[in-house]
1. If the elastic network links every pair of Cα atoms under 10 Å, which of Leu229, Leu18, Leu52 fluctuates the most in the Gaussian network model of the chain?
2. Hey, what's the chain come to in accessible area per residue, 1.4 Å probe, Å²?
3. In the Gaussian network model of the chain, springs joining C-alpha atoms below 10 Å, which of Phe175, Phe39, Phe64 carries the largest mean-square fluctuation?
4. Round to a whole number: what % of the accessible area of the chain belongs to carbon and sulfur, probe 1.4 Å?
5. Please report, in debye to the nearest 20, how large the charge dipole of the chain is about its Cα centre when each Lys and Arg carries +1 at its beta carbon and each Asp and Glu carries -1 there.
6. Can you list residues from other chains, or at least 5 along the same chain, whose modelled amide H is less than 5 Å from the amide H of Trp88?
7. Would you please give the FRET efficiency between Arg153 and Arg201, computed as 1/(1 + (r/R0)^6) with r the Cβ-Cβ distance and R0 = 22 Å, to the nearest 0.05?
8. What is the Cα radius of gyration of the range 6-69 over 2.2 N^0.38 Å, N being its residue count?
Amino acid sequence: MVSALSAVIPLHNEAPNLARLVAELEAIRAGLPPLEVIFIDDGSSDGTVRELKRLAAGRPWLRFVRHRHNCGQSTAIRTGVKAARHPWIVTLDGDGQNDPADIPRLIEALERHPTPERVQLVAGQRRRREDSWLRRLSSRIANAVRSRVLGDRTPDSGCGLKLIRRDAFLELPYFDHMHRFLPALVQRQGGEIVLVEVNHRPRLEGRPHYGIGNRLWVGIVDLLGVLWLQRRYRRADIEEGC
C-alpha cells in the first residue's frame, strides 16, 4: 500500500536537535518502504542551515529546502509536500518530540484498515504529553472546543506525526495554520482518517515556538474559517460514461 515515503520535517532554529533526529531516521530506514527525508528550514537565524549541509553530506536520501524568511509551519509543510517525490507523506516536528520509531505503526494501521484505499490520513495521537501543565491544559481545552465545533472526532489534532496521501494534501484549501485542522479538512473532502496512539518526548534543546499568546486568538479565527469551509463545500458524486 505505501510503496514509497517522503518524510517532511519543518524547522525553525532547531540546529541542536538535528543530529539526533537524523540518526533516529537513519536507524529505521531499513524497515520502511523507500524513504526520502526533506527538511524545510523556515527562515532560521541560528546554525540550522549549516547543520543541514553537514548532515546531508553522504546521505543522498536527505534533502533540504530553505525559506529566506519565516513563513510558518503550515507553509513549510506545504513546501515540503510539493517538493516530495513519493505518494505518501509522513510529517514530523523538527524539535525531536515526535518519535520516528512510531512511523511503522502509522503504516501498519493504514494497511490493516478494512478499506485502506479510502484512507487519506493516519493521525498520531500523543499518548502522554511531555509539556508543561499550562501547555497541556490549553491544548486539552483547544482540542475539546475544536472537536465539538468541527465534529472531526479527533482528540489531538495538533500532533505533528501524521501520514497523509500527497495528492489528498495538495487538494486541501491552503491557509496559515492549516496543519492544525488536517483531520477536519480531510473529512470535508470525503477522506477517511485513522487515529493511532504515539509517543511524545520532552524537548531536549531549544525553545518552543508556540504558546498561549500566539495560538489562542489566531486559533479562534481559524476555527471559524474551517467551519465556514465545511458548510460551503459541496461534494459531487460523478457517474462515468453518462
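The values are calculated or read from the model by the stated rules, or taken from the named source; none is laboratory data. Not measured: the values here are computed from a predicted model. Ideal geometry is used to build each Cβ from the backbone, glycine not excepted, and the neighbour counts take in all protein chains shown. With ligands, DNA and RNA removed, areas are computed over all heavy atoms of the protein, side chains included. Shrake-Rupley method; radii C 1.70, N 1.55, O 1.52, S 1.80 Å.
1. So, out of Leu229, Leu18, Leu52, the one fluctuating most is Leu229.
2. Working: 12370 Å² over 242 residues.
Here the per-residue accessible area is 51 Å².
3. In the Gaussian network model the winner is Phe175.
4. Details: 6470 of 12370 Å².
Exposed carbon and sulfur together represent 52 percent of the surface.
5. Working: 38 positive and 29 negative charges, 107 e Å.
In debye, rounded to 20, the chain gives about 520.
6. Ala4, Ser6, Arg166
7. Values: r = 26 Å, r/R0 = 1.18.
After rounding to 0.05, the efficiency reads 0.25.
8. Normalised Cα radius of gyration, the range 6-69: 1.07.
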